[in-house]
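Notes for the one structure printed next.
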Amino acid sequence: MIDQLELVLPLAVEWACEQEQRILLEGEPLSGSELADANVVGVRHPERVRILPVEAIPSPSHPILKAASEQIDLLPSAPSGLTLQYGIFVRGDCRQDRHLVVHELVHTAQYERLGGILRFLRNYLFECATLGYGAAPLEQEAVEVAARIFGVGSARAPRAAAGALASGSLG
Ligand SMILES: [Zn+2]
């Protein structure tokens, strides 16, 4: 699977860039309280972030990407949010879920810290392929930072843990 990452990565980057562009064009800027949250989690350019509510989070249609994301358990089966650098998809029924938005903003901060879409995805895909989505350190960080801000354990942790088990044999 690790060997296949080099094949998958350029396709994933292309898809992520396209989706980010779409969100930046069609999405809405952060509200005042969301800008404050973005600052707290360390986003350097909160003013660049756009959120696009959608009925269902898009997933790649390219056959190789599709196969890879199924194999390495890249996303939970019905994700409520997905962050592509400054573009954040949220499911429409979760738009007011502050916990979810904070979680996704942590991912935006990670894209900034790691230096863009290619570098983020290289790390994220590698982590998901070797450890599983739920145990990936980049995912753990988002769960932990959101939990710290809200002072509670994340409701998403159990589902993420199940994802990690499902992909545990693929590394
Ligand atoms: Zn996440």
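A few notes on this one:
- Stretchable slack from Asp93 to Ile64, in nm (0.36 nm times residue separation minus alpha-carbon distance): 7.4 nm
- Counting only Cα atoms, region 4-54 measures 41, 24, 16 Å along its principal axes, largest extent leading.
- Gained length - Asn123 relative to Gln4, 0.36 nm times residue gap less alpha-carbon distance: 41.4 nm
- Residue-wise HN-Hα couplings along region 105-116, as the Karplus relation 6.51 cos²θ - 1.76 cosθ + 1.60 with θ = phi - 60° gives them from phi, are 5, 4, 5, 4, 4, 5, 4, 5, 5, 7, x, x Hz; Gly and Pro carry x.
- Treating each Cα of region 2-135 as one equal point scatterer and applying the Debye formula with no solvent, the log10 of I(q)/I(0) at q = 0.17 Å⁻¹ comes out as -0.89.
- Listed by Cβ neighbour count within 10 Å, with the fewest neighbours leading, Ser69, Ser61, Ser31 appear as Ser61, Ser31, Ser69.
Only the coordinates and a few stated rules stand behind these numbers; no lab work does. The structure displayed is predicted, hence computed values, not measured ones. Ideal geometry is used to build each Cβ from the backbone, glycine not excepted, and the neighbour counts take in all protein chains shown.
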